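Okay, so here's the structure we're looking at.
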Amino acid sequence: MSLNSKSGEKNECSFKVQNLPSLKETLETPIRAKKHKYVCCENLKVFLLGLSFAYFSKALSGSYMKSVITQIERRFDISASAIGFIDGSFEIGNLLVIVFTSYFGAKLHRPKIIGIGCLVMAIGTIITAMPHFFMGRYKYESIVTLNNASSSLSPCLRSDNENDETKALREEPALEESDCTRTSGSFMWIIVFTGNLLRGIGEAPIVPLGMSYIDDFAKPENSGFYIACVQAVGIIGPVLGFLLGSLCARLYVDIGMVDLDFVPSLNVLLRSPIFILYLIISVISFNGFIGMITFKPKYIEQQFGQSASKANLLIGLTNIPALAMGILVSGAIMKKAKLSFIGIFRLAIWTSVTAFMFNLLFFIFTCENSKVAGLTVTYDGNSQVSYKEDTLNSFCNSDCKCSTKQWDPVCGENGITYASACLAGCQTSTGTGKNTVFLNCTCTLSAVLSVTGNSSAHLGQCPKHDDCSKMFIYYLASGIAGSFIAALSITPFSVILLRSVKPELKSFAIGIHTLCTRTLAGIPAPVYFGTLIDTTCLKWGTLPCGRRGACRVYDTKSFRFIFLGLMSALRAFGFLLYIPMYIVAKKEFNKSEKSDETDMVLGMMNVNDTDADVNEINSLDEEKQTKL
């Protein structure tokens, strides 16, 4: 029995039609089809992951090849037309097979064809890099590279004054015909051409077969999303490709043969105790700083009951100007006081410690938990911090049959927030939208709270007390002062980093510092800060599919101690390392001062000796004049 195109595509999920089925097999066919479809959908996710990586790899290698065209031209000493021919070899290889792979590949096992294409593309990439290992050292067109002697070589030396040594240096060594194959102008660029050609051949099946496979086996509503995800990952490739090309363009071509200001330079940096201690302190401090700036808006929302928009607005209007002002003032202080290295070090330490003291005041400025029935208080108004499925239920809403997973809070007249109007025991409502008011809410009437009158509730959580607004003002004021004082240490620490290494390693030291802080602080800090904050959640939201959603109510007391405690602990641990760092810095500074004093004394002695010689010559001249 022949298969049409649809049946042929299902062969890839191991679903084949052979002989006519029996009655039993006919009854079992829907069940088997569901099983095969389920397996196919599971395999589709793995395919998406592999295809995304293939998209990323081909885009990265292609953009990197574009970024090093100039280097290839100089390395092989070829014309621009030859470079264009090499660059176009990818398109040539792609065009040779694109029609065949897109047509015949659809009739075969498409993932296997794509995998073979990726393998060919990888082989082509390796071949492209092979000439670097076969060719000799690159000959730079400079007279400086020809001069390995200690004596200087004048670029304009007349032939009548040229000795044998300098003449030998000027004359290029004679090359035999066999040596030409290993020079920069050899025909080994053909290997690059071949490798790029293979890369184009291997890339051909990835796009057409990959897109069609996704569209065939994904649900219609998911197909566009999956394709967008794959293409989005592919866009990252060119960005990293050009960045990698920018980095490699700074390196010498004969890596491993020429001294590159990398492994030895890194070794020098790692042997600097001040730099190592500074790096460790920075990583620890940045963990606290990144965690703080990531979750500070959330902390303000939960602790002081402020909206997200207001929290972000106040952070931008208060902390950022204070930081900018502190940086400018610290620069002015260092300029006016003309601080030495140790003086700058002391300024950085004292301002950091003072800012840390201001941050400890945050523990004082606190507000009580929001009163949420069944979570932070009981339905009678007693204090409670816990969450279980049955704590949201009470005798006052037992007749309502409410869902405990729903979160649509209402604020009762008694000042208590309820997870929903149903859990508040409300019987009727009036108004629409945000102006909706719920009436006859049985749970808002409590003998313990001595509430009388209208038993109503309105949408939204109940606001915090007025005392909380005052605490928020104090929090902002101490935060502004702490940000200003902390900013006073930013520039001094930057100067410490620059002066703790050799002048030629300053840029490299900053790069290593940035790499370490972003990798070891910028990436992990938000993750473990968020994980610990999640442990303080009292009520999680529920998605329509039944999964856990975002947290709705936090235990603000636990939130405060985890958030502020973790941040303070990290900074305090960093401060402990200031002690050995200061001791080492002071020793290095004293050695430097003694070395400068020695040089000054030697310089004075040389000046005195010169003056004595001049006086002696003058006296001899006077004696000669007298004799004459």
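The values are calculated or read from the model by the stated rules, or taken from the named source; none is laboratory data. Remember, it's a predicted structure, so these values are computed and weren't measured experimentally. When we count neighbours, we look across all protein chains shown, and the Cβ atoms used for this are built from the backbone with ideal geometry, even at glycine. For accessibility, only protein heavy atoms count, side chains too; no ligands or nucleic acids. Shrake-Rupley method; radii C 1.70, N 1.55, O 1.52, S 1.80 Å.
Some observations on this one:
- For the stretch 475-495, the condition of being over 26 Å from the mean Cα position of the chain (by Cα), modelled with pLDDT of 85 or more and aromatic (F, W, Y) holds for at least one residue.
- Residue match in the stretch 224-235 (condition: farther than 13 Å from L44 by Cα, open to solvent by 40 Å² or more (accessible area, probe 1.4 Å) and touching a Leu at 6+ places or on another chain (Cβ under 8 Å)): yes
- Tally, over the stretch 415-449, of residues that are buried (at least 17 other Cβ atoms within 10 Å of the Cβ), at pLDDT 85 or above, part of a loop (DSSP other than H, G, I, E, B) and not hydrophobic (A, V, I, L, M, F, W, C): 2
- Residue, nearest to P238 (Cα to Cα), within the stretch 65-87, restricted to residues that are among the hydroxyl-bearing types (S, T, Y) and open to solvent by less than 70 Å² (accessible area, probe 1.4 Å): S67
- Residue satisfying condition, being under 30 Å from G530 (Cα atoms) and of a type in the set (V, I, T), within set I315, I342: I315
- When G453 is tested against the conditions (1) open to solvent by 70 Å² or more (accessible area, probe 1.4 Å); (2) at pLDDT below 85, the lone failure is (1).
- Single match in Y55, Y38, Y103, Y64 (criterion: more than 23 Å from T125 (Cα to Cα) and either at pLDDT 70 or above or of a type in the set (A, V, I, L, M) (or both)): Y103
- Scanning the stretch 467-517 for residues that are touching a Leu at 6+ places or on another chain (Cβ under 9 Å) and free of Cβ contacts under 8 Å to residues at least 12 places away in the same chain returns a single hit, K506.
- Some residue of the stretch 268-281 being at pLDDT 85 or above and outside any helix (DSSP H, G or I): yes
Here's the yes/no breakdown for (1) more than 30 Å from T517 (Cβ to Cβ); (2) part of a helix (DSSP H, G or I):
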{"position": "P463", "(1), (2)": "yes, no"}
{"position": "K470", "(1), (2)": "yes, yes"}
{"position": "L476", "(1), (2)": "no, yes"}
{"position": "G479", "(1), (2)": "no, yes"}
{"position": "I485", "(1), (2)": "no, yes"}
{"position": "F493", "(1), (2)": "no, yes"}
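- Just so you know, in the stretch 535-549 the residues that are surrounded by 12 or more Cβ atoms within 10 Å (Cβ to Cβ) and out of contact with any helix residue (DSSP H, G or I) (no Cβ under 8 Å at 6 or more places or on another chain) include one that is farthest from I290 (Cα to Cα), and it is T542.
- Counting the residues of the stretch 44-89 that are acidic (D, E) and touching a residue at least 12 places away in the same chain (Cβ under 8 Å) gives 2.
- Selection count where residues are open to solvent by less than 40 Å² (accessible area, probe 1.4 Å) and within 19 Å of S63 (Cα to Cα), scope the stretch 88-117: 6
Residue by residue, here is whether (1) open to solvent by 50 Å² or more (accessible area, probe 1.4 Å); (2) without any contact (Cβ under 8 Å) to a residue 12 or more places away in the chain; (3) more than 22 Å from the chain's Cα centre (by Cα) holds:
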{"residue": "I274", "(1), (2), (3)": "no, no, yes"}
{"residue": "V283", "(1), (2), (3)": "no, no, no"}
{"residue": "M292", "(1), (2), (3)": "no, no, no"}
{"residue": "A337", "(1), (2), (3)": "yes, yes, yes"}
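- Some residue of the stretch 80-99 being over 18 Å from L197 (Cβ atoms) and part of a loop (DSSP other than H, G, I, E, B): no
To keep it simple, each residue is scored yes or no on (1) at pLDDT below 80; (2) assigned to a loop (DSSP other than H, G, I, E, B); (3) open to solvent by 70 Å² or more (accessible area, probe 1.4 Å).
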residue	(1), (2), (3)
G530	no, no, no
K557	no, no, yes
E597	yes, no, yes
Q625	yes, no, yes
